[in-house]
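S.K.: To start, I am sharing the structure in question, which I have written as structure tokens.
Throughout, read-outs are computed from the coordinates displayed, never taken from laboratory work. Being a predicted model, the structure only gives us computed values, none of them experimental. As a convention, Cβ positions derive from the backbone with ideal geometry for all residues, glycine included, and neighbour counts pool all protein chains shown.
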Amino acid sequence: MNSDSSLKKAALCLVLLCAAQLVTSVDQNNFKKCDQSSFCRRCRTMQPGSAPFALVEDSFQISTHDVKAILLNKENNVQFTLVLTSLRDNTLRLFINELSPMRPRFQVPFVLNELELNNNIKFHSKNPANISMTIGDEHAVTFTYDPFVLNVFQDEKVVISVNSKGLMKFEHLRTKTDQEEDGAWEESFHSHHDSKPYGPTAVALDFSFPDVDHVYGVPEHADSFALRTTDGGEPYRLYNLDVFEYELDSPMSLYAAIPFVTAHNSRHSVGVFWLNAAETWVDVTRSRSSLTGDVMSKIVSFVSGAGGDSEAPRSSSNVRFMSESGVIDAYLTLGPSPYDVTRQYATLTGTAPLPPYFSLAYHQCRWNYNTQKDVQEVSTQFDTHDMPMDVMWLDIEYTDQKKYFTWDPTKFAHPNEMVNNLTSTGRKLVVIIDPHIKRDAGYFLHDDATNNGYYVKNKDGNDFEGWCWPGSSSYLDFMNPVVRDYLASRYSLDNFPGSSLDVHIWNDMNEPSVFNGPEVTMHKDCKHYGDVEHRELHNIYGFTNVMATFDGLLKRSNYQQRPFVLTRSGFAGSQRFGAIWTGDNMAEWSHLKISLPMCLSLAISGWSFCGADVGGFFKNPDAELFTRWYQTGAYLPFFRGHAHIDTRRREPWLYGAATTALVREALRARYALLPHWYTLFHEHEITGAPVIRPLWFEFPQDTNTFSMENQFLVGNSILVRPVTDEGATQVSVYFPGPQEVWFDRDTYEAFTQTGTVTIAVSISKIPTYQRGGSIVPVRERVRRASSLTLQDPFTLMVALNVNGTAKGSLYLDDGQSYEYRKGEHISLSLSFANSVLTSRFASKGRLPTESWLERVVILGVPHNSYSKARIQSKSLGTTFTEVSYNSGTKSLSVRKPKVNMGEEWTISIE
Ligand SMILES: *[C@@H]1O[C@H](CO)[C@@H](O)[C@H](O)[C@H]1NC(C)=O
Ligand SMILES: *[C@@H]1O[C@H](CO)[C@@H](O)[C@H](O)[C@H]1NC(C)=O
Ligand SMILES: *[C@@H]1O[C@H](CO)[C@@H](O)[C@H](O)[C@H]1NC(C)=O
């Protein structure tokens, strides 16, 4: 939902007794610039090469899985431990902490999967200046002692260089003295004071990627997909915030923070994951070469034993993470392919578990559907207009005075009946549950939290109070396992009257949003369970909120049902708990356009289940924008229409018959492709491969694709080029190649040239293409909700490549339970070669299904030399059916093969 708004402004004004004017775009003054954050200022004023750190030569201890050494700050003799660990799957962990800190420094919990060590480190050689090891067969690392530099080599080339810019910082814990820099021991921002009882604690480190021009990631920002350089401007900021009417093309922080960056060139991809949940800024720079040609050639000759590399130095990219506190805990994922990097990152932080089938369908939301009658009517209207829809949503107004887990007694007097009405039509309900709790004596949640000490405390140890939707509010402290269990238990059907197993959850405002707090969030000197300052863990507050919710939904069904949870805030690893949307966007073309790079950035950072509010949250879209947004949203993983309370009603039939028909087509296009989306989400769960992908994932050597963000791939085989410009009558589409064929999914026209082609686009046209060589399953029956389609027949779209072959897969299960993990699923491997289409089980799983094969369409058949299809399956034996050839589209259609999708079969075209 929501963020600021006139309501919130009014609330803020009440609190501050101000007479602020309602603004129409982000108020930059509400949010810090780097130089208003003292640690960012201290980090950023460092000169390259000034880091005073040196490794103590005789401190090195090398085991088969790690390398330990003492790192010394030469300016003050403070000692640090450095540990480099080799992890499974080409991943290195670099950990640096104070050797004997005055108090333990915070290390981020919950995010990592259990780490698996890799016993593949071997000492290589030692010199007066450095020490080297090999890691497995392909990698080597060299530590230079003074200044401390770590180079990671792959195939004799440096792929990541750590601290080669000499910008490492590690502020050790200390006692206060008289000469402290401004802001180090206390700091103010507007009227807010940060007491900073522990003084300066910043950590920073630079990572260089030689020969790399393109780096991606560190979402969430409303900015380009390929990161821009930040010298001369603001760094990208990672500090989860509720930004009212966020601006585009900006490194400002938004709601979620994933400190993971991917560097890519035409030879390899690598990643760096900076595990730190404190406020973090990220500088991106480009230099001729991070290492001078001289040093570079020495390193290369040293490791390869061969002569120096005489290539002219190329540019390299440098990424520097700067965090307010914590430790240095960095994970280097060494690729070398983009898919390797996403898999390695998923090995660290997890993949998204397969979501329930309905959650990939269309969701209808608004702030707010006002009454249970409103909900019923909107749902019915979808049927009247023959538009599929799976989920109705309720924003905050359904509650009794913003007390979560309650219902407004007059507007939603009969929630059970409302829910039953929805579920009887195959639909679901999602309701909002936010982490701020109304301070209202008599509200059970507030009473429980007060009596048991479940709230986050202010610096003085009292329950922190802030202003949010309910008015005066306090915030559950999810660092406490008891509080997580408590929230989880609130979702049980007994504790949440009016809910059912068909009611799923939306956690909003979980940055957390505090209307009257510094930067609209919580004070950094607030205290969490375990005597941890909010400063340390701010960016995982939303993560822990959703973690508890996910657990609650699992428990309420006794672990039988897959939860669906939507969150606005998140951190690395949040993909394990649900979907994210890009927050409070606007009904403007530029916001439609930016939804692609925003979701692509999240997708390659482990979090594929992303979408933007279709139609735009603020303001009123006109019919054209509204249409284009549905056409685009249909190809992003999370597909939900949503609108602000001050906007005009915009259910998809309210724009007149022509627009209604266009939106209907967009919705149907989504529903037809649901089996493919579901198969891709299943693939993601197993491999970590993103569900939507930049083109360079499939075409890693095609430099033309490296900055591309206006077209993307769904899986590896559907190319989507949304129309995101007002009045567009044509768009450019880039067809990557060589040797590829791309088939227009509407006309079956084949594109075989690599390069850019201008495509005409009427208002009903959104260019999407199926890649030659792929088989995509679709369901063509139109029904009101996806839950009603699970036994429906299939059509297989077989697009032939230049060799006349194709392959694909199809994954099926009950769409809602975990039985698939016990083998109750069908995983099919489909292939077409030598005019024979075969379906084979790709796993041991089995599941009876009524789904049968209704049609096969083969694209790219040059001429008709076929008269029939011979079908072989166990249950039907050998049968024959008709084929028909369309010489205009060069497609061949096999009519009703009728084989069951739950068995293996062969179809020969003869
Ligand atoms: C290691 O140090 C020696 C000098 O002791 C130098 O010749 C060599 O180039 C260095 N290697 C690397 C990789 O820095
Ligand atoms: C449920 O559906 C029935 C039949 O359409 C209708 O009369 C009733 O008002 C609905 N109840 C709610 C709470 O929406
Ligand atoms: C076509 O076949 C040739 C020879 O086997 C192979 O090298 C090429 O990669 C194939 N092309 C495609 C697109 O599969």
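S.K.: Using 0.36 nm per residue of separation minus the Cα-Cα distance, give me the extension gain between residue 494 and residue 849 in nm, one decimal. It would help to have the intermediate numbers written out before the result.
M.R.: Values: separation 355, 0.36 × 355 = 127.80 nm, distance 3.42 nm.
Extending this stretch completely gives an extra 124.4 nm.
S.K.: Give me the distance in nm between label points sitting 7 Å out from Cα along the Cα-to-Cβ direction at residue 54 and residue 884, one decimal.
M.R.: Between residue 54 and residue 884, the label points sit 8.3 nm apart.
S.K.: Let me ask you something else. Hey, could you pull the Cα Rg and Dmax for the chain, both in Å?
M.R.: 28.1, 92
S.K.: Output the pairs from 411/457; 176/527; 765/868; 807/874 with a Cα-Cα distance over 24 Å in this structure; if there are none, say none.
M.R.: On the way: 411/457 35 Å; 176/527 21 Å; 765/868 34 Å; 807/874 22 Å.
Violating the 24 Å limit, Cα to Cα: 411/457; 765/868.
S.K.: Just to be sure I understand: of the beta bridges DSSP finds with both ends in the chain, what percent are antiparallel, rounded to 5? Display every interim value, and only then the final one.
M.R.: Values: 163 of 195 bridges.
Taking every DSSP beta bridge within the chain, about 85 percent pair in antiparallel fashion.
S.K.: Compute the FRET efficiency between residue 620 and residue 704 as 1/(1 + (r/R0)^6), taking r as their Cβ-Cβ distance and R0 = 41 Å, and round to the nearest 0.05.
M.R.: Values: r = 37 Å, r/R0 = 0.91.
The calculated FRET efficiency here is 0.65.
S.K.: Shape of the range 535-594 from its Cα gyration tensor (a ≥ b ≥ c, root eigenvalues): rounded if a/c is under 1.5, otherwise prolate when a/b > b/c, or oblate? Provide the component values of the computation, followed by the final result.
M.R.: Numbers: a/c = 3.43, a/b = 1.60, b/c = 2.15.
Oblate, since a/c reaches 1.5 and b/c is not below a/b.
S.K.: Which Cα, out of 40, 274, 842, lies furthest along the positive dipole direction of the chain (beta carbon charges, K/R +1, D/E -1)?
M.R.: 842
S.K.: If the cut-off is a Cα-Cα distance under 17 Å, which aspartates and glutamates reach residue 593, setting aside same-chain residues fewer than 8 apart in sequence?
M.R.: Straight-distance partners of residue 593: 220, 223, 245, 247, 249, 584, 613, 622, 624, 709, 725, 726.
S.K.: Can you give the calculated 222 nm mean residue ellipticity of the chain, where each DSSP H run of n ≥ 4 adds -39,500 (n - 2.57) and the sum is split over every residue, rounded to the nearest 500 deg cm²/dmol? Provide the component values of the computation, followed by the final result.
M.R.: Numbers: 15 runs with 164 residues, N = 910.
Value at 222 nm, helices only, nearest 500: -5500 deg cm²/dmol.
S.K.: Less than 9 Å Cβ to Cβ from residue 189, Lys/Arg counted +1 and Asp/Glu -1: what total charge do the surrounding residues give? Show your work: numbers first, answer last.
M.R.: Working: positive: 32; negative: 187, 194, 519.
Net local charge, residue 189 excluded: -2.
S.K.: Would the range 104-178 count as rounded, prolate or oblate if I go by the C-alpha gyration tensor, calling it rounded below 1.5 in a/c and otherwise prolate when a/b exceeds b/c, oblate otherwise?
M.R.: It is oblate, given that a/c is not under 1.5 and a/b is not larger than b/c.
S.K.: Then there's this: Work out, step by step, the length gained on full extension between residue 440 and residue 64: first 0.36 nm times the residue separation, then minus their alpha carbon distance; give nm to one decimal.
M.R.: Extra length from residue 440 to residue 64 when fully extended: 129.5 nm.
S.K.: How much length is gained on full extension from residue 180 to residue 760, taking 0.36 nm per residue of separation minus their Cα-Cα distance?
M.R.: Numbers: separation 580, 0.36 × 580 = 208.80 nm, distance 6.38 nm.
Separation in residues times 0.36 nm, less the Cα-Cα distance, equals 202.4 nm.
S.K.: What lysines could a cross-link reach from residue 126, if we take a straight Cα to Cα line under 29 Å and drop same-chain neighbours fewer than 8 places away?
M.R.: Candidates past the 8-residue exclusion: 68, 74, 157, 165, 169, 298.
S.K.: To continue, here is another question. Using R₀ = 45 Å, calculate the FRET efficiency as 1/(1 + (r/R₀)^6) where r is the Cβ-Cβ separation of residue 45 and residue 267; round to 0.05.
M.R.: Working: r = 35 Å, r/R0 = 0.78.
Given R0 = 45 Å and the Cβ-Cβ separation, E is 0.80.
S.K.: If you average 1/r over all unlike Cα pairs in the range 790-909 and invert the result, what Kirkwood radius do you get in angstrom? Intermediate values should be presented prior to the final figure.
M.R.: Numbers: mean 1/r = 0.0672 Å⁻¹.
Computed over Cα pairs of the range 790-909, the Kirkwood hydrodynamic radius comes out at 14.9 Å.
S.K.: Points 7 angstrom from Cα along the Cβ direction at residue 107 and residue 36: gap in nanometres?
M.R.: 3.5 nm
S.K.: Still on this model: Rounded to the nearest angstrom and ordered from largest down, what semi-axes does the equivalent ellipsoid of the range 697-770 get from its C-alpha gyration tensor (root of 5λ)?
M.R.: Details: eigenvalues 77, 40, 24 Å².
For the range 697-770, the ellipsoid semi-axes come out as 20, 14, 11 Å.
S.K.: From the convex hull of the Cα coordinates of the range 359-404, what is the mean projected area in square nanometres?
M.R.: Working: hull surface 13.9 nm².
Hull-based average projected area comes out at 3.5 nm².
S.K.: Residue 117: net charge of surrounding residues, Cβ under 13 Å, Lys/Arg +1, Asp/Glu -1, itself excluded?
M.R.: -2
S.K.: Next question, about the same structure. Once you place label points 7 Å from the Cα toward the Cβ at residue 560 and residue 803, how far apart are they in nm?
M.R.: It works out to 4.8 nm between the two label points.
S.K.: Over the Cα atoms of the range 71-140, what is the Rg over Rh ratio if Rh follows Kirkwood? List each step's numbers first, then the result.
M.R.: Details: Rg = 15.2 Å, Rh = 14.6 Å.
Here the Rg-to-Rh quotient is 1.04.
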